[in-house]
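The values are calculated or read from the model by the stated rules, or taken from the named source; none is laboratory data. Here the structure is a predicted model, which is why all the values come from computation and not from measurement. Here the Cβ positions follow ideal geometry from the backbone for every residue, glycine too, while neighbour counts run over all protein chains shown. Calculation scope for accessible area: heavy atoms of the full protein, side chains included, ligands and nucleic acids excluded. Shrake-Rupley method; radii C 1.70, N 1.55, O 1.52, S 1.80 Å.
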Amino acid sequence: MKPKYIVLDRDGVINVDLFDYVLDTKDFKFEEGSLDALIELGKNNYEIIVATNQKCINLGLISSEGIKVVNDYWVNIVSKEGVNIKSVEVCPHRDEENCDCRKPKTGLLKNAEKKHGISLKDCYFIGDKLSDIECALAHGCKPILVETGYGSRSIKERGTRENLTIVKNLKEAVQKIVIGS
Ligand SMILES: [Mg+2]
Ligand SMILES: [Zn+2]
């Protein structure tokens, strides 16, 4: 069977956005239903790519290794449920560094494509910020906005993007995707 890929933002989608940085594993709390949603994706043969902006690294609040500890922590919990996270792509840069990977730029997706020899075009991309939506559209992915995290704010700020698919949370997004596929 041809593998299906899906791109997920992390903060506000998989875990509760603290409106601050997750610098420690104890601050990583799964959003309601998100673990179940990841399991559901796994059962339906989706391979999961996570694309996350973490400027806290270059702000000097945490090292890349520290971020890896946090990501290993939750990826390990998920893998114990039988779900493999194919990769977690992290942008460490601040806005003013003008990197190619800080969303809405698409470098994180390109990195994952290169690393795994895959294409993420036409994949679903679930996020809570307009930068996720812009990144998805720029790369040819199908964006879904969740109301969790910054989602409710993003809905107010979405301007002319009236046709945007909006769901309550990751669980609802996955239900929609799985039923439709
Ligand atoms: Mg987010
Ligand atoms: Zn970057």
Taking the full set of protein chains and a 1.4 angstrom probe, give the accessible area of R161 in square angstrom, rounded to the nearest 10.
80 Å²
Per residue, in Å², the accessible surface of segment 27-181 once ligands and nucleic acids are set aside, probe 1.4 Å
50 Å²
Considering only L35, L164, L61, whose Cα is most displaced toward the positive end of the charge dipole of the chain, charges sitting on Cβ of Lys, Arg (+1) and Asp, Glu (-1)?
L164
Keeping all protein chains in position, work out how much accessible area S64 exposes to a 1.4 Å probe, and write it in Å² to the nearest 10.
70 Å²
Label L164 and F19 with points 7 Å out from Cα along Cα→Cβ: what is the distance between them in nm?
1.8 nm
With a cut-off of 19 Å, note down the residues of segment 77-106 whose backbone N falls inside the zone around a label point 7 Å from the Cα of E65 toward its beta carbon.
90, 92
Listed residue (T106, V146, N76) projecting farthest to the positive dipole end of segment 59-181, Cβ model
V146
How much length, in nm to one decimal, is gained on full extension between N84 and Q175, taken as 0.36 nm per residue of separation minus their Cα-Cα distance?
30.9 nm
Highest-fluctuation residue, I48, I118, I39 considered, GNM on the chain with Cα pairs under 10 Å
I118
Keeping the other protein chains in place, figure out the carbon and sulfur percent of the accessible area of segment 98-172, with a 1.4 Å probe.
45 percent
Can you tell me the relative contact order of segment 4-180? Whole percent, Cα pairs under 8 Å, sequence separation 6 or more.
25 percent
Quick one: Karplus J couplings for segment 155-163, per residue in order, coefficients 6.51, -1.76, 1.60, θ = phi - 60°, nearest Hz, x for Gly and Pro?
4, 5, 8, 6, x, 7, 7, 6, 8
Top mean-square fluctuation among K103, K171, K68, Gaussian network model of the chain, C-alpha springs under 10 Å?
K68
Using the Cα centre of segment 4-180 as the reference point, and only Cβ charges (+1 on K/R, -1 on D/E), how large is the resulting charge dipole? Debye, rounded to the nearest 20.
440 debye
Which value at 222 nm does the chain reach when only helices count, each DSSP H run of 4 or more adding -39,500 (n - 2.57), with the total divided by all residues and rounded to the nearest 500 deg cm²/dmol?
-11000 deg cm²/dmol
Figure the gain on full extension for S152 and K121 (residue separation times 0.36 nm, minus the Cα-Cα span) and round it to one decimal in nm.
8.5 nm
